[in-house]
Amino acid sequence: MSGPLRAGNEERAVSGHRFHPLVERWFGERFGKPTTPQAAGWRHIAAGTDTLIAAPTGAGKTLAAFLWAIDGLVRAAATGALADRTRVVYVSPLKALGNDIQKNLQEPLAGIRHLAAEAGLELPEIRVMVRSGDTPAYERQQMVRRPPEAGPVLAVFLLAALLAPALLFAAPVKSPYQMEVVAEELRGPRGLLFLPDGSLLVAEQAGNTLARIAPDGTLTRIASGLSRPHDIARDAAGALYVADTGNGRVARVAPDGAVSTYVAGLTAPVDLDFDPAGRLIICEYTRGPLKVAEGSGSAEPFGPVLEGAHGLLFERGGGILVVENRGERISRLAGDGRLEPVWRDIRGVGLARGPSGDVYVAEPGAGRVWRLKPGGVEVVVAEGLAGPRDPAFDAAGRLYVAETGAGRVVRFVGAF
């Protein structure tokens, strides 16, 4: 947080971190001083590190997280920067939800608003909404039209984040590139594939179909009978092949839209592409090797055991880069069968090569897209995305990403 903050004539800080004066005053009057877990947690959060606070019940660890979020909301409200979008999403188990909202969110906000009124300051409204499986449809629509600044969500429903995409994607996205929304209201967008006419195909995991986005933005849906499709590939004749995960197969979609089984008996196919020899290489999200299909019917094991393969990219020298999602690395599979880790500590989904030759990977759990350079160098392209997956480049060299948690596809424009 930049700049000195003063409450009255006295600069104040809670455990080394300067909160907004209204937040400082409310906390001081309510609790006096922070607990050890709170103080330690705020130091780490202020340093910009991911922070897990583990402490016994009653140590104030939940309030530590809430107060940091509340401080950001109050600062934005006080400066007129509180836009109509969701800034904070809190996930809570059902038992704790009511208590968490009352003690750690509504009570602090009410107290801070009261102190602001006493000081003659008018804070804009900071809205709080709760979404669960029992939330009526009309209330869900109101949340989309006028999002809350803080939205508690039941953990069980956040795991199926597609139920509340509008709440999730409104968190701010940070990127040095210009970001544009290409298509919205998609049903669990996953694998992306560009067609020769410039159209973009998107595998809709939650919609059990493929969405086709024309260059003019028109959206149509093709291919029925799929179940949780994850990725799409295209052969030289123009036929499409889909990682039909829920049906445990690779489905073939003919140019007329007819769907048939190309390879059956798979466990969890999630990514696929044709190699330079025209063979279909398949990633299964299991502990096992890739699969190769040289014709309709079956696929054979190919290469060494991988830890949750979830993306592949063919190299010009003949090797294959493979995302090992469960192994949290990206490895190079050489022509002689050797497997060598190239980039570590990335739990990626999908790979793409940019115009300059660098490799791009999405990391859904971290909300990031990475640019991977030779020598193991990693550069963040964007962060704050809602479950980004499966990067792809169009003919103009623009980067596209399926933002699954937001139900949309976004595009980044710049020098890649």
Of the convex hull enclosing the alpha-carbon atoms of the range 178-413, the direction-averaged projected area in nm² is 11.5 nm²
Between ASN325 and residues 5 or more places away or on another chain, the pairs with built amide H atoms under 5 Å apart involve ALA309, HIS310
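Computed over the Cα atoms of the range 274-333, what is the convex hull's projected area averaged over all directions, in nm²?
Numbers: hull surface 15.2 nm².
Averaged projected area of the range 274-333's Cα convex hull equals 3.8 nm².
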Distance in nm between GLU122 and ALA239 label points, each 7 Å along Cα→Cβ, equals 6.8 nm
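Which whole number in µm²/s is D for the range 224-315 by Stokes-Einstein, with the Kirkwood Rh taken over Cα pairs at 10 °C and 1.306 mPa s? Don't skip to the answer; put the middle values down first.
Details: Rh = 12.9 Å.
Translational D for this selection: 123 µm²/s.
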For the table LYS61/LYS174; LYS33/LYS174; LYS61/LYS373, the rows whose alpha-carbon distance is greater than 32 Å are LYS33/LYS174; LYS61/LYS373
One would report the Cα pair-distance distribution of the range 259-366, bin width 5 Å, in %, as 2, 12, 24, 26, 19, 10, 5, 1
Each label sits 7 Å from Cα toward the beta-carbon; between LYS174 and PHE194 the label points are separated, in nm, by 2.9 nm
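A short reminder: the numbers here are calculations on the coordinates, not readings from a lab. Keep in mind it's a predicted model, so treat the numbers as computed, not measured. Backbone-built Cβ (ideal geometry, glycine too); neighbour counts: all protein chains shown.
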